[in-house]
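Asker: I am attaching a structure below and will ask some questions about it afterwards.
The values are calculated or read from the model by the stated rules, or taken from the named source; none is laboratory data. Owing to the predicted nature of the structure, the values given are computational and were not obtained by experimental measurement. Cβ placement follows ideal geometry from the backbone for every residue including glycine, while neighbour counts extend to all protein chains displayed.
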Ligand SMILES: Nc1ncnc2c1ncn2[C@@H]1O[C@H](COP(=O)(O)OP(=O)(O)OP(=O)(O)O)[C@@H](O)[C@H]1O
Ligand SMILES: [Mg+2]
């Protein structure tokens, strides 16, 4: 038989083999794609992070009934303790480690490979004959431990399949020339026009003029609201224009056929459809750590004769360089602000100084709630806009604020107003200059506003065409004023790199090569191996990986898994996450996700919220319905009730609109629940206070508050004195309030005010109670 007495010959084969499979040396000047951007490739054998490669488990052969051919051929069993000694000698040999390195095994892979190989040998009752013979030779002294190498290497390739396909993996993930990914765009001649200027300078206006005049066009905007606005305005001009967002398709033509024009969110850009004109708005977003890839894809991939980019001049250099790689012409048109804008020398100082047309910009919902309550207490109405409100609610609030006949003339908003909504703002007041942002690693950082952000938000004041032609910008607090002036006077730094994202095709090809790797692991390996040009960086795809890990255990085909992982999910909303997981599970079982099923999931119908907490629950239901709609456009058969879901989502939007009109009442009710020591944990919500149809699966409040985590309060811990029920009660109240501060529902200063109110109330109640106590002869709770 051919496998008898392989011995030394095998080692020679092994050496030859080591040369054949030696890994391609890294490209010296190339850059490696990393989560943090790009870094120079290391010039070692492992220019990638090998710890990302998770060994594929290998089965040991333990069927004692199998014929042990090796034993029959050699005539002797293997003494396991001796085999172990030989293996350990093999492991320690420097020559073997060097040979391993030449075959792509760095220290980590070599060690992992050895552990797995030793386990396999020691735990298998029956080894393949050639392995049995080779080990038997070594134990008898007629073989050398080096003879183990080819078998060891073969084992390593089984558990680390990438060792055999590194070249393919590198080719697939090579992202040094993303322009080449878009062959349809490369096949046509495109003219690029960059409308550059500050906010409110008519950039989008001019691009849209060209868009409306063209025979066909696509508008790619940063927000659903903007896409909606362009859709409406274009149709109002008599040019039929569809609307495409992740969750919505609206066809302008009655027969439901696509029109020549479409307005979409940038992620939804159709790069296969030819257009005469494309508009890519807010092109500076190409640097966004999370969403930048969508602008890069639109810029490089759109099939349009003319592409109009609108945005900050800071993006001109980068776009110029990117267009050099495509060989396309770039024309820059510069614009000046259409209205005056003054950075005031005085802060607002006090809410008493508020005037009609003022917009206070905050960076947390907690601040919004506090300020709107204070403004209302002064007898003034205010509109409220923050990011997680449904689009209809945001528009309704904007309309109320913009309406000259409406008494509501103050706006309290997050920087959600920084882009998009047309607002009649006279003066922007920064409540704070510290904005939480996500860095490339997906971590939250608290930092001063960047110059670009401050200009973008401040620039909302004095919108051209509104009754406040000249805008003003200031801060709430005196101590912030100089900082604001310093920030806006700094030059805006040029944008250096554009975001990228692995495509479905690339991930699919990776999965084909590494069938045992999880989706999240594939992404990590992809990012680690990919090389990018210095003009690009990989976008943060932690959210993608988060979803990938969440549904890894659910059987789905690769395409479906990829699509699910792209769903717009805020991972800080557990109710949304668990609903998503349930969608995936149903989908995997092949059971359509019906309207009735969703109603049961969300507890529909729901009642008018009475507290902020209940309002936020409704917001998270709105997001669940959004995800349903998003999935319904990708898997129509499995999410068949998009129409009905949209109907209840509209109803929900109205309900939220209604409750936001009464938001201060909600805040008051939340406070009174807080001060009566109720309604902190879900378990404590009396059934009657829950929205109608509320299910036992209702997420806890802290699970529902999204993006408003405030660092734990740093104030003295409240002591409770045993036996003193009044102090206990107060201590309990304080613990609850501390929890609310930690959860970001109220701010520390709001809490301090409430405390003063409690003190006052408890003093007066105390007096009253003393009297009552005397009367009733027992202690009373305040
Ligand atoms: N030439 C014009 N004639 C009439 N209206 C105009 C003109 N230019 C701009 N506008 C109006 O002025 C407002 C601001 O213009 P536009 O939205 O184009 O500004 P922008 O530079 O794109 O600002 P942003 O940074 O906010 O995107 C819009 O309502 C727009 O319709
Ligand atoms: Mg614009």
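Asker: Out of curiosity, is residue 631 more than 18 Å from residue 576 (Cβ to Cβ) and part of a helix (DSSP H, G or I)? Give the derivation first.
Answerer: Values: more than 18 Å from residue 576 (Cβ to Cβ): no; part of a helix (DSSP H, G or I): yes.
Considered against the rule, which asks whether it is more than 18 Å from residue 576 (Cβ to Cβ) and part of a helix (DSSP H, G or I), residue 631 comes out as no.
Asker: Could you check region 464-491 and list, in sequence order, the residues that are crowded, with 17+ Cβ neighbours inside 10 Å and within 19 Å of residue 311 (Cα to Cα)?
Answerer: 488
Asker: Residue 168 is checked against (1) touching a strand residue (DSSP E or B) at 6+ places or on another chain (Cβ under 9 Å); (2) away from ligand 2 (no atom under 16 Å from the Cβ) and fails just one. What number does that condition carry?
Answerer: Exception for residue 168: condition (1).
Asker: Now, a different point. Determine if region 242-262 includes at least one residue that is within 16 Å of ligand 1 (Cβ to nearest atom) and either in contact with a strand residue (DSSP E or B) (Cβ under 7 Å, 6 or more places away or on another chain) or assigned to a strand (DSSP E or B) (or both). Walk me through it before giving the result.
Answerer: Going through region 242-262, the residues within 16 Å of ligand 1 (Cβ to nearest atom) turn out to be none.
So far as region 242-262 goes, no, none of its residues is within 16 Å of ligand 1 (Cβ to nearest atom) and either in contact with a strand residue (DSSP E or B) (Cβ under 7 Å, 6 or more places away or on another chain) or assigned to a strand (DSSP E or B) (or both).
Asker: Can you list the helices (runs of 4 or more DSSP H) found entirely within region 145-221 that contain at least 1 residues being surrounded by 19 or more Cβ atoms within 10 Å (Cβ to Cβ) and modelled with pLDDT of 95 or more?
Answerer: Details: elements: 149-159, 166-173, 183-186, 203-213.
The qualifying helices (runs of 4 or more DSSP H) are 183-186, 203-213.
Asker: Take residue 393 and decide whether it is crowded, with 21+ Cβ neighbours inside 10 Å, touching a residue at least 40 places away in the same chain (Cβ under 8 Å) and not in a strand (DSSP E or B).
Answerer: Working: crowded, with 21+ Cβ neighbours inside 10 Å: yes; touching a residue at least 40 places away in the same chain (Cβ under 8 Å): yes; not in a strand (DSSP E or B): yes.
Against the criterion (crowded, with 21+ Cβ neighbours inside 10 Å, touching a residue at least 40 places away in the same chain (Cβ under 8 Å) and not in a strand (DSSP E or B)), residue 393 qualifies.
Asker: Follow-up question, since we're still on this one. If I ask for residues that are within 21 Å of residue 184 (Cα to Cα) and away from ligand 2 (no atom under 16 Å from the Cβ), which ones from region 278-308 would you list?
Answerer: Those that are within 21 Å of residue 184 (Cα to Cα) and away from ligand 2 (no atom under 16 Å from the Cβ): 293, 294, 296, 297, 299, 300, 301, 302, 303, 304, 305, 306.
Asker: Kindly indicate the residue of region 205-222 that is near ligand 2 (Cβ under 10 Å from one of its atoms) and in contact with a helix residue (DSSP H, G or I) (Cβ under 6 Å, 6 or more places away or on another chain) and also farthest from residue 304 (Cα to Cα) among those meeting that condition.
Answerer: Among those residues, the one meeting the criterion is 222.
Asker: Further question: Considering only region 452-505, how many residues are away from ligand 1 (no atom under 16 Å from the Cβ) and closer than 22 Å to residue 287 by Cα? Walk me through how you get there before you give the answer.
Answerer: Going through region 452-505, the residues away from ligand 1 (no atom under 16 Å from the Cβ) turn out to be 472, 474-487, 489-491, 493-494, 496-505.
The next check asks that each one be closer than 22 Å to residue 287 by Cα; those that pass are 487, 489-491, 493-494, 496-504.
Qualifying residue count, region 452-505: 15.
Asker: Go through 266, 239 for me and flag whichever is surrounded by 23 or more Cβ atoms within 10 Å (Cβ to Cβ), in contact with a helix residue (DSSP H, G or I) (Cβ under 7 Å, 6 or more places away or on another chain) and in contact (Cβ under 8 Å) with a residue 12 or more places away in the chain.
Answerer: On the way: 239 fails: surrounded by 23 or more Cβ atoms within 10 Å (Cβ to Cβ).
Exactly one residue qualifies, and that residue is 266.
Asker: Go over the candidates 339, 320 one by one and state the one that is closer than 30 Å to residue 206 by Cα and away from ligand 1 (no atom under 16 Å from the Cβ).
Answerer: Details: 339 fails: away from ligand 1 (no atom under 16 Å from the Cβ).
None of the others qualify; the one that does is 320.
Asker: Next up: Take the residues in region 287-312 that are within 15 Å of ligand 1 (Cβ to nearest atom) and under 30 Å from residue 569 (Cα atoms); name whichever of them is surrounded by the fewest Cβ atoms within 10 Å (Cβ to Cβ).
Answerer: Filtering region 287-312 down to residues within 15 Å of ligand 1 (Cβ to nearest atom) leaves 295, 308-312.
Retained after the next criterion (residues that are under 30 Å from residue 569 (Cα atoms)): 295, 309-312.
Values: 295: 29, 309: 28, 310: 26, 311: 24, 312: 22.
Top of the filtered list is 312.
Asker: Here are some residues: 435, 400. Which one is farther than 22 Å from residue 282 by Cβ, assigned by TED's automatic domain parsing to the domain that holds residue 478 and not in a loop (DSSP other than H, G, I, E, B)? Even if it seems obvious, please write down each step before you answer.
Answerer: Working: 435 fails: farther than 22 Å from residue 282 by Cβ.
On inspection, the qualifying residue turns out to be 400.
Asker: Taking residue 178 as the residue in question, decide whether it is within 25 Å of residue 469 (Cα to Cα) and within 30 Å of the chain's Cα centre (by Cα).
Answerer: no
Asker: Let me ask another. Tally the residues that are in a helix (DSSP H, G or I) and within 38 Å of the chain's Cα centre (by Cα), restricting the search to region 102-115.
Answerer: Keep residues of region 102-115 that are in a helix (DSSP H, G or I), which gives 102, 107-115.
Add one more test, that the residue is within 38 Å of the chain's Cα centre (by Cα), and what stays is 107-113, 115.
Qualifying residue count for the region: 8.
Asker: Next question. Determine which member of the set 513, 573 is closer than 24 Å to residue 626 by Cα and in contact (Cβ under 8 Å) with a residue 40 or more places away in the chain.
Answerer: Details: 513 fails: closer than 24 Å to residue 626 by Cα.
None of the others qualify; the one that does is 573.
Asker: Restricting the search to region 337-364, which residues are under 16 Å from residue 477 (Cα atoms) and surrounded by 20 or more Cβ atoms within 10 Å (Cβ to Cβ)?
Answerer: Filtering region 337-364 down to residues under 16 Å from residue 477 (Cα atoms) leaves 343-354, 358-363.
Scanning region 337-364 gives 348, 358, 359, 360, 361, 362, 363.
Asker: While we're looking at this one, here's another question. For the subset of region 223-236 comprising residues that are surrounded by fewer than 18 Cβ atoms within 10 Å (Cβ to Cβ) and away from ligand 2 (no atom under 14 Å from the Cβ), which member is farthest from residue 630 (Cα to Cα)?
Answerer: In the first step, residues of region 223-236 are kept if they are surrounded by fewer than 18 Cβ atoms within 10 Å (Cβ to Cβ); the result is 232-233, 236.
Adding the requirement that they be away from ligand 2 (no atom under 14 Å from the Cβ) leaves 232, 236.
Details: 232: 21, 236: 27 Å.
Of everything passing the filter in region 223-236, 236 is farthest from residue 630 (Cα to Cα).
Asker: Between 368, 385, 434, 417, which is at negative phi and in contact with a helix residue (DSSP H, G or I) (Cβ under 6 Å, 6 or more places away or on another chain)? Please lay out each step first, then the result.
Answerer: Numbers: 368 fails: in contact with a helix residue (DSSP H, G or I) (Cβ under 6 Å, 6 or more places away or on another chain); 434 fails: in contact with a helix residue (DSSP H, G or I) (Cβ under 6 Å, 6 or more places away or on another chain); 417 fails: in contact with a helix residue (DSSP H, G or I) (Cβ under 6 Å, 6 or more places away or on another chain).
Of 368, 385, 434, 417, the one residue that is at negative phi and in contact with a helix residue (DSSP H, G or I) (Cβ under 6 Å, 6 or more places away or on another chain) is 385.
Asker: Looking at 207, 196, 227 in this structure, which one is under 29 Å from the mean Cα position of the chain (by Cα), under 20 Å from residue 332 (Cα atoms) and within 16 Å of ligand 1 (Cβ to nearest atom)? Lay out the reasoning, then the answer.
Answerer: Numbers: 207 fails: under 29 Å from the mean Cα position of the chain (by Cα); 227 fails: under 20 Å from residue 332 (Cα atoms).
After ruling out the rest, the residue left standing is 196.
Asker: Taking residue 202, is it within 16 Å of ligand 1 (Cβ to nearest atom), in contact with a helix residue (DSSP H, G or I) (Cβ under 8 Å, 6 or more places away or on another chain) and not assigned by TED's automatic domain parsing to the domain that holds residue 120?
Answerer: So residue 202 fails the test.
Asker: Something else: So the check is Cβ under 6 Å with 6+ separation or different chains; which pairs have a first residue in region 408-422 that's within 18 Å of residue 388 (Cα to Cα) and a second one that's more than 15 Å from ligand 1 (Cβ to nearest atom) and assigned to a loop (DSSP other than H, G, I, E, B)?
Answerer: As it stands, the answer is 414/386; 414/387; 416/386; 416/387, since those pairs meet every condition given.
Asker: Would it be correct to say that residue 315 is in the same structural domain as residue 481 (by TED's automatic domain parsing), in contact with a helix residue (DSSP H, G or I) (Cβ under 9 Å, 6 or more places away or on another chain), in contact (Cβ under 8 Å) with a residue 24 or more places away in the chain and within 16 Å of ligand 1 (Cβ to nearest atom)? Don't jump to the end; show me each part of the working.
Answerer: Details: in the same structural domain as residue 481 (by TED's automatic domain parsing): no; in contact with a helix residue (DSSP H, G or I) (Cβ under 9 Å, 6 or more places away or on another chain): yes; in contact (Cβ under 8 Å) with a residue 24 or more places away in the chain: yes; within 16 Å of ligand 1 (Cβ to nearest atom): yes.
When the stated conditions are applied, residue 315 does not pass them.
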